[in-house]
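S.K.: Handing you this structure, nothing more for now.
The values are calculated or read from the model by the stated rules, or taken from the named source; none is laboratory data. Remember, predicted model here, so these are calculated numbers, not experimental data. Heads up, the Cβs are rebuilt from the backbone with ideal geometry, glycines too, and the neighbour counts pull from every protein chain shown. To get the accessible areas, we keep the full protein, side chains included, count just its heavy atoms, and leave off ligands, DNA and RNA. Shrake-Rupley method; radii C 1.70, N 1.55, O 1.52, S 1.80 Å.
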Amino acid sequence: MLAFLFLGPSLMTSTDRDEIDYSEMLTRVQQDEVSEITWNNNDGSITGKLDDGTEFSTNGPLEPAEDDRALFREHDVKLEFTSPQGSWIEALLPLLIPVALFVGIFWLMQRRAQSQMGGIMSIGRSRAKTYSTERPGTTFADVAGYDGVKQEIREVVDFLKYPERFAEIGARIPKGVLLVGPPGTGKTLIARAVAGEAGVPFLSVTGSDFMEMFVGVGASRVRDLFQNARKLGRAIIFVDEIDSIGRKRGAGLGGGHDEREQTLNQMLSEMDGFEATEGIVMMAATNRPDILDPALLRPGRFDRQVVVPLPEIDERRAILDVHCKSKRLAPDVDLDVVARGTPGMSGADLANLVNEAALFAVRSGSDVIRRKDFEEARDRVLMGQRRDSMALSDAEKEVIAYHEAGHAVCAAVLPNADPVHKVTILPIGMALGVTQQLPVDEKHIYRQDYIEDSLVVRMGGRCAEELVFGVISTGANNDLVGSTELARKMVSEWGMSDRVGPMAWGSSGQVFLGEDLIHTRDYSDETARVIDEEVSRILSEQEDKCRDTLRQHRKGLDLVARALLEHETIDGAEVNRLIKVGANGDAGGPEPTGNGGEVAATVPGRDGIEIGPDRGPDAPAAPAPPPGQALAGPHPPFPPPPAPPT
């Protein structure tokens with residue numbers, strides 16, 4: 001616009017003229033070809049007209065010389081001098097440009113301020129995602145298993161579908177349904193299925209969406225959320241991870257979080273402020289119901305708690321069917337076996353297992369998912385990634401082989417232990433070797449004899465090292481931690497000690513879970529001493545039982561260790577076969593000796609490594625070695641064990 005105002009007058013007044021030099025104009029004057037000349041005194045520009053009517057233009061001095069004036073008079077050229085004045089626009093243009101720039105900058109600043117103000121004013125609006133027009137396409141058919149959970153919350157669906165049936169007899173549907181369960185069990189999926197079955201809008205929001213750095217924003221978003229729900233008529237409000245805003249008020253350091261408590265207060269008020277006949281049902285999910293505020297769980301708010309547990313074997317089978325629906329499976333894949341081999345896995349874990357199996361199939365170049373892929377995927381999920389880059393010495397491999405063989409033998413021969421599924425001495429995850437056990441049936445309670453045999457299995461690796469090599473290593477660190485924790489629970493929580501009796505001294509939770517800021521022990525020092533003594537007694541008894549078991553099956557221990565050194569990975573059936581061979585002395589195996597070992601033998605391809613009755617503290621007495629050479633003789637000395645991990 002400014003350029004047009006500045007250049008417009010000159011553009012509109014310009015015409016087509018021939019551009020000639022000043023000397024050429026004088027020549028044409030001498031030839032009597034020029035009829036008139038107009039001379040601009042301001043800039044020396046000259047315009048003129050020839051006799052034939054052609055116009056021309058040129059540039060000269062501000063005033064013509066006297067000789068040139070005489071030449072013009074001599075040839076009768078009409079000469080006019082002009083001093084044109086600029087237009088008012090050109091005069092005001094130097095003043096308008098700064099004003100226009102100032103106005104433009106002010107307008108941009110004002111517009112930016114308005115946008116920021118609009119963002120600040122909208123910060124209190126709810127961030128809930130509303131699925132109303134299409135309505136959630138998820139139904140109970142998409143939720144595999146959990147028939148008991150579906151039956152318990154079907155009343156909510158019936159109320160949203162047929163509210164008049166409940167109103168006729170005066171029944172009141174629960175205002176709130178709290179889904180409680182471990183992570184990955186499908187609580188959010190079940191909530192969406194409820195909305196899909198009822199055919200009503202579904203407002204989904206997480207607990208963290210209510211929290212903001214500004215005071216009062218959370219409460220404002222809660223109000224806006226319920227206002228939007230009322231506008232939709234019948235609707236479901238789903239708050240995922242409600243424990244982020246629903247924790248006990250006044251708990252933790254400093255007396256709690258004021259902004260979070262204000263948000264919780266507003267939610268309590270909104271839930272208790274609308275009638276059930278409005279058709280609004282509040283659903284929430286959490287895996288920490290113990291830290292929720294009691295006012296949130298009282299009748300009239302979250303009336304009903306629905307537990308969504310880990311799936312059982314039949315439910316895992318149904319979940320696998322859902323996730324394998326779009327996968328190409330090989331004929332050797334039996335999903336019943338996969339379901340039986342994945343106890344304790346949630347729906348999310350099973351989905352990850354199927355995806356890992358597909359990745360293994362693609363990695364191996366197969367166009368279908370095979371049983372081998374599912375086995376490798378399960379090992380990857382349960383035990384971790386194999387560390388192929390770790391190089392172990394022969395001595396370390398032998399220690400690891402006997403360590404894992406001790407676990408495997410104890411698990412195979414004890415009557416109450418879970419059967420062995422797989423044993424490997426390949427480094428996997430954070431472990432140098434793994435003995436994997438899989439239960440035959442689902443267990444919901446654990447008997448004392450089962451726990452004691454579990455302690456024996458945990459001690460098997462350490463006792464095997466001591467039995468064979470006469471020394472122990474740091475490889476049993478994780479086993480000792482788990483055994484000590486399990487034994488302490490037997491004494492202090494499960495009442496499995498005669499000296500302590502039927503009393504439970506449970507461990508206290510973290511500070512943020514309760515009202516106490518300092519952990520206080522609710523039993524005396526004498527009771528603590530008795531608990532420690534009982535824990536030590538249980539561990540010592542199970543360690544002695546483990547030693548006796550391994551001595552009794554020493555030949556099987558050597559055979560399992562030899563198989564691990566040769567093959568690196570063996571399955572549970574092979575472990576049982578080797579133990580049976582060692583016990584019966586058949587199938588080509590060496591005859592058992594009096595001390596439960598076997599005749600000395602050399603591991604194929606591993607010179608200098610011998611196993612047999614001359615090894616370990618149960619071997620016949622031998623002359624004492626010189627100091628510093630405890631492992632000298634038929635077995636090469638081992639390097640010092642590495643420092644335990646920090």
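S.K.: Which pairs break 24 Å Cα to Cα here: Lys489/Lys555; Lys327/Lys372; Lys489/Lys580; Lys150/Lys372; Lys187/Lys248; Lys372/Lys422?
M.R.: As for pairs spanning more than 24 Å Cα to Cα, those are Lys489/Lys555; Lys489/Lys580; Lys150/Lys372.
S.K.: Between segment 44-74 and segment 345-407, how many Å separate their Cα centres?
M.R.: 101 Å
S.K.: Same structure, new question: Within 11 Å, Cβ to Cβ, of Gly347, how many net charges do the neighbouring residues add up to if Lys/Arg are +1 and Asp/Glu are -1?
M.R.: So the surrounding residues net to 0.
S.K.: Among the DSSP beta bridges whose two residues both lie in segment 17-96, what percent are antiparallel, rounded to the nearest 5?
M.R.: Looking only at bridges with both residues in segment 17-96, the antiparallel portion is about 60 percent.
S.K.: Something else about it: Roughly what would the spin-label model give for Thr54 and Asn265, points 7 Å off Cα along C-beta, in nm?
M.R.: According to this spin-label approximation, the distance is 9.6 nm.
S.K.: Just grab the label-to-label distance for Glu66 and Thr527, each label 7 Å out from Cα along the Cβ direction, in nm (one decimal).
M.R.: Each label point is offset 7 Å from its Cα along the Cβ direction, giving 13.2 nm.
S.K.: In square angstrom, rounded to the nearest 10, how much accessible surface does Arg223 have for a 1.4 Å probe?
M.R.: Surface open to solvent at Arg223 totals about 90 Å².
S.K.: Moving on to the next point. Do any GluC sites (Glu not before Pro) in segment 406-495 lie in a loop, going by DSSP, with at most 10 other beta-carbon atoms within 10 Å of their beta carbon, and if so which?
M.R.: Counting only loop positions with at most 10 other Cβ atoms within 10 Å, none of the GluC sites (Glu not before Pro) in segment 406-495 qualifies.
S.K.: Same structure again: Can you work out ³J(HN,Hα) from phi for every residue in segment 470-487, in order, using Karplus 6.51 cos²θ - 1.76 cosθ + 1.60 and θ = phi - 60°, giving whole Hz and x for Gly and Pro?
M.R.: Each residue of segment 470-487 in turn: x, 9, 10, 10, 7, x, 8, 4, 5, 5, 5, 4, x, 5, 5, 5, 5, 5 Hz.
S.K.: Okay, moving on. Please give the FRET efficiency for Lys580 paired with Glu442, using the beta carbon to beta carbon distance and R0 = 25 Å, rounded to the nearest 0.05.
M.R.: 0.35
S.K.: Can you return the lysines within cross-link range of Lys49? Criterion is Cα-Cα under 17 Å, with same-chain partners fewer than 8 residues away left out.
M.R.: Partners within reach: Lys78.
S.K.: For segment 257-394, report the convex hull volume of the alpha-carbon atoms normalised per residue, in Å³, without decimals.
M.R.: Measuring per residue, one finds 222 Å³ for the Cα hull of segment 257-394.
S.K.: What full-extension length gain, to one decimal in nm, is calculated for Asp571 and Asp388 as 0.36 nm per residue of separation minus the Cα-Cα distance?
M.R.: Here the answer is 63.9 nm.
S.K.: R0 = 60 Å: FRET efficiency of Glu74 with Leu95, Cβ-based, nearest 0.05?
M.R.: The pair Glu74/Leu95 has a calculated efficiency of 0.80.
S.K.: Would you work out which of Pro439, Asn416, Ala464 lies farthest towards the positive end of the dipole of segment 394-468, given +1 charges on the beta-carbon of Lys and Arg and -1 on that of Asp and Glu, about the Cα centre?
M.R.: Towards the positive end, the residue furthest out is Pro439.
S.K.: Using a Cα-Cα cut-off of under 18 Å, which aspartates and glutamates could be cross-linked to Lys161, ignoring same-chain neighbours fewer than 8 residues away?
M.R.: Qualifying aspartates and glutamates at Cα under 18 Å: Glu134, Glu152, Glu197, Glu275, Glu278.
S.K.: Now for a separate question. Roughly what would the spin-label model give for Leu480 and Asp147, points 7 Å off Cα along C-beta, in nm?
M.R.: Distance between label points: 5.0 nm.
S.K.: Another question, if that's okay. Just to confirm a number: summing +1 for Lys and Arg and -1 for Asp and Glu over residues other than Glu36 whose beta-carbon lies under 14 angstrom from that of Glu36, what do you get?
M.R.: Surrounding charge for Glu36 is -2.
S.K.: If you don't mind, another one. Arg304 to Asp272: FRET efficiency via 1/(1 + (r/R0)^6), r the Cβ-Cβ distance, R0 25 Å, to the nearest 0.05?
M.R.: 0.95
S.K.: So which chymotrypsin sites (Phe, Trp or Tyr not before Pro) in segment 34-111 are both in a DSSP loop and have at most 12 other Cβ atoms within 10 Å of their Cβ?
M.R.: Those that pass, being in a loop and sparsely packed, number zero.
S.K.: Count the net charge of all other residues whose Cβ sits under 12 Å from the Cβ of Ser473, scoring Lys and Arg as +1 and Asp and Glu as -1.
M.R.: -4
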